[in-house]
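Everything below concerns the one structure shown next.
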């Protein structure tokens, strides 16, 4: 109550003259006492500082420069002088020795070429990684990375922004010969001028047999309408996978999706949200939910399912008759990378069937390397026969990919999909 | 008496003060000491704030670049589009703060007055969850509240979830992916921010005041109402602020424990900034959030009537 009384205006006719001692005490306190810096005066001062800084000039001085195609991208290559290469990849996306300290394939590369690989698992999310390197690449600076691995639509964006260096085919004999036909000519990088596939990622329907009561779930339509699954259906927060699978179920081709098709697919998903059929749109956390049975069925990434099946025998997957989506993660050399040739040699190394088989045996996604089947069979016969790792011809024919989107279209689609997922 | 009425000959002898004025160098010392803090604020607070203010009034695209066009309409559009998420954020954060207070106050009281030699152990138990990451702690709630887990089964057999789902807090027989789960996550994650300031505040209260109140025939309830609680107000205000402000801007809990209808404003900002690449809208939303929180906090501090937060 005390301070309330203080804040009330009180009649104060004349400031009484202070004694010398009082004045001195006051002055002392201004410089080194408690009065010196009250929270209020600090706030006031910082507020004024912000306002001063935030003057109109400062406001309009900011801005993001256009991301033009610059031929300044290719920088002096230090590959010959510096026997190093910095490779940024997703977590748990390469072979690991039993003690989890070494990456045997990378060490094999160093042994053969003398080039040291600085391997960093610093990619967790395409959008997040883009946010991380965007400012540097837009300003034409080196990101410190010679080789990065991103999903196709993000590769498309970065290539069209002119932030990726074209690869020199002379350094990529194995890659050129062994890249399997399915991945040879994406619409966003004709003839693989800028990128080579690291892994293919089939998007399938996965379900927990225990949670569905032994029921098979094999179509998007069933996911969206089966009352037995109500509230226990998951879709991926990755727009192209969720919408692509829905489009296929509607008999549309994601390869040439129109704006109307997209809206129709979204309306269908919206119905699933409104009827509470869909529980959540998930990122990587869907695996845990599916394993526990909180999700009875969901759209899932095949490589995850292969691994989850090892731990939980209730997990099953189905490939819809309407077809399935396959996206790819791709290796690229960003602008201003110091060791482009070393990076190219590393890409080429990954395309030797023996090496590719060792990686495929560990990470269980679709291997993009022709001739890997025999090598993989030597390591583990069951892996070589798993259609999720090495799709047969009939299965590969049912694989689809989402059309590359221009930036305006991409923004429109992303906004609509964000509205669907509630944010 | 006569000495007082006799007017002093002169006001204050100024020359004396002039002599005792500390040298300039000494007077500047506090400012030098402040320099690192000020610099830190400038670089990591003021500069990004200006940058963000600028971003919020820009237009453009990634290809063409973004230019300041003084496009203030972004603010109205953003507010018009996303006010439900704003309201939801404030609501969730307020409920979580209230729950934190209700749960945290007795615990802080216990640690301060009753724990005795167990005080340090209980304190460690309060702080221990901080040793793991925020994300892991939130993910743990997905296991705790799993559909077929013991907690949800118990709540179901008590018909508790029938009541909560009737008022829209939960969905059918599950807790995950509902408002209740998000509020639980927020409450859990920010509870220590409530307990610690409450504890430091309560701990400073002299126990003899309680005895005095008892001597004056105050019942324990009255003692609490008239003595303990008023004295702990700075802790209550600090705790509620430390809980409410981060909770209102949080997006992890809504992302992992909620569904489409539980997305908070933090989720929108994240999605606009990272996925839709609409930087101006994301920046405008951040500013609106900051302004709203500042306004609410100012009002609250006025009402709660305390200035010494620490």
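Remarks
- Filtering B:181, B:108, B:140 for residues that are modelled with pLDDT of 95 or more and under 16 Å from residue A:294 (Cα atoms) leaves a single hit, B:181.
- The set of residues in the stretch B:138-156 being assigned to a loop (DSSP other than H, G, I, E, B) and crowded, with 16+ Cβ neighbours inside 10 Å consists of B:145, B:146, B:147, B:149.
- Counting only residues that are in contact with a strand residue (DSSP E or B) (Cβ under 8 Å, 6 or more places away or on another chain) and either without any contact (Cβ under 8 Å) to a residue 60 or more places away in the chain or at negative phi (or both), the stretch A:84-106 holds 12 of them.
- Residue within the stretch A:119-128 that is over 22 Å from residue A:351 (Cα atoms), in contact with a strand residue (DSSP E or B) (Cβ under 7 Å, 6 or more places away or on another chain), part of a helix (DSSP H, G or I) and not assigned by TED's automatic domain parsing to the domain that holds residue A:307 present: yes
- Going through (1) part of a helix (DSSP H, G or I); (2) in contact (Cβ under 8 Å) with a residue 60 or more places away in the chain; (3) closer than 25 Å to residue B:151 by Cα one by one, residue B:196 falls short only on (3).
- Subset of the stretch B:60-74 [at negative phi and either out of contact with any strand residue (DSSP E or B) (no Cβ under 9 Å at 6 or more places or on another chain) or facing chain A (nearest Cβ under 7 Å) (or both)]: B:61, B:62, B:63, B:64, B:66, B:67, B:68, B:72, B:73
- Residues considered: B:228, B:243. Of these, the only one that is buried (at least 23 other Cβ atoms within 10 Å of the Cβ), in the same structural domain as residue B:202 (by TED's automatic domain parsing) and under 25 Å from residue B:201 (Cβ atoms) is B:243.
- Residue list for the stretch B:276-288, restricted to those being within 13 Å of chain A (Cβ to nearest Cβ) and either under 15 Å from residue A:422 (Cβ atoms) or part of a helix (DSSP H, G or I) (or both): B:276, B:279, B:280, B:281, B:282, B:283, B:285, B:287
- Taking the stretch A:138-152 as the range and being out of contact with any helix residue (DSSP H, G or I) (no Cβ under 7 Å at 6 or more places or on another chain) and more than 11 Å from chain B (Cβ to nearest Cβ) as the test, the residues that pass are A:139, A:141, A:142, A:144, A:145, A:148, A:149, A:152.
- Among the residues of the stretch A:248-278, those that are in contact with a helix residue (DSSP H, G or I) (Cβ under 8 Å, 6 or more places away or on another chain) and within 14 Å of another protein chain (Cβ to nearest Cβ) comprise A:266, A:269, A:270, A:271, A:272, A:273, A:277, A:278.
- Applying the condition of being assigned to a helix (DSSP H, G or I) and within 14 Å of chain B (Cβ to nearest Cβ) to the stretch A:219-237 and asking which residue is surrounded by the fewest Cβ atoms within 10 Å (Cβ to Cβ) yields A:227.
- For the stretch A:211-223, the tally of residues that are out of contact with any strand residue (DSSP E or B) (no Cβ under 9 Å at 6 or more places or on another chain) and either within 17 Å of residue A:287 (Cα to Cα) or free of Cβ contacts under 8 Å to residues at least 12 places away in the same chain (or both) stands at 1.
- Residue within the stretch B:253-261 that is away from chain A (no Cβ under 11 Å) and on the phi < 0 side of the Ramachandran plot present: yes
Here's the yes/no breakdown for (1) in contact (Cβ under 8 Å) with a residue 60 or more places away in the chain; (2) assigned to a loop (DSSP other than H, G, I, E, B):
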position	(1), (2)
A:305	yes, no
A:313	no, yes
A:321	yes, yes
A:325	yes, no
A:331	yes, no
A:338	yes, yes
A:342	yes, no
A:345	yes, no
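- Scope the stretch B:107-136; condition within 14 Å of chain A (Cβ to nearest Cβ) and free of Cβ contacts under 8 Å to residues at least 60 places away in the same chain; matching residues: B:133, B:136
- Scanning the stretch B:33-53 for residues that are in contact (Cβ under 8 Å) with a residue 24 or more places away in the chain and more than 7 Å from every other protein chain (Cβ to nearest Cβ) gives a single hit, B:52.
- Residue A:156 meets each of the listed conditions (1) closer than 30 Å to residue A:248 by Cβ; (2) crowded, with 21+ Cβ neighbours inside 10 Å; (3) in contact with a strand residue (DSSP E or B) (Cβ under 8 Å, 6 or more places away or on another chain) apart from (3).
- Any chance residue B:273 is under 30 Å from residue B:142 (Cα atoms), at pLDDT below 95 and part of a helix (DSSP H, G or I): yes
- Boolean, residue A:333 is farther than 21 Å from residue A:364 by Cα, more than 13 Å from every other protein chain (Cβ to nearest Cβ) and modelled with pLDDT of 95 or more: yes
- Those helices (runs of 4 or more DSSP H) of the stretch A:350-423 in which 3 or more residues are within 14 Å of chain B (Cβ to nearest Cβ) and without any contact (Cβ under 8 Å) to a residue 40 or more places away in the chain occupy A:407-420.
- Residues being closer than 20 Å to residue B:49 by Cα and either at the interface with another protein chain (Cβ under 9 Å from one of its Cβ atoms) or in contact with a strand residue (DSSP E or B) (Cβ under 7 Å, 6 or more places away or on another chain) (or both) are entirely absent from the stretch B:293-301.
- Test: residue in the stretch B:289-301 that is closer than 24 Å to residue A:284 by Cβ and at pLDDT 95 or above: no
- For the stretch B:11-27, filtered to residues that are at pLDDT 55 or above and more than 9 Å from every other protein chain (Cβ to nearest Cβ), the residue that is farthest from residue A:59 (Cα to Cα) is B:19.
- Among residues of the stretch A:134-146, those that are at pLDDT 95 or above and either within 16 Å of residue A:90 (Cβ to Cβ) or outside any loop (DSSP other than H, G, I, E, B) (or both), counted: 1
- The stretch B:153-200, residues that are over 30 Å from residue B:112 (Cβ atoms), under 28 Å from the mean Cα position of the chain (by Cα) and away from chain A (no Cβ under 14 Å): B:164, B:167, B:169, B:180
The values are calculated or read from the model by the stated rules, or taken from the named source; none is laboratory data. Here the structure is a predicted model, which means the values were calculated and not measured. Cβ atoms come from the backbone with ideal geometry, glycine included; neighbour counts cover every protein chain shown.
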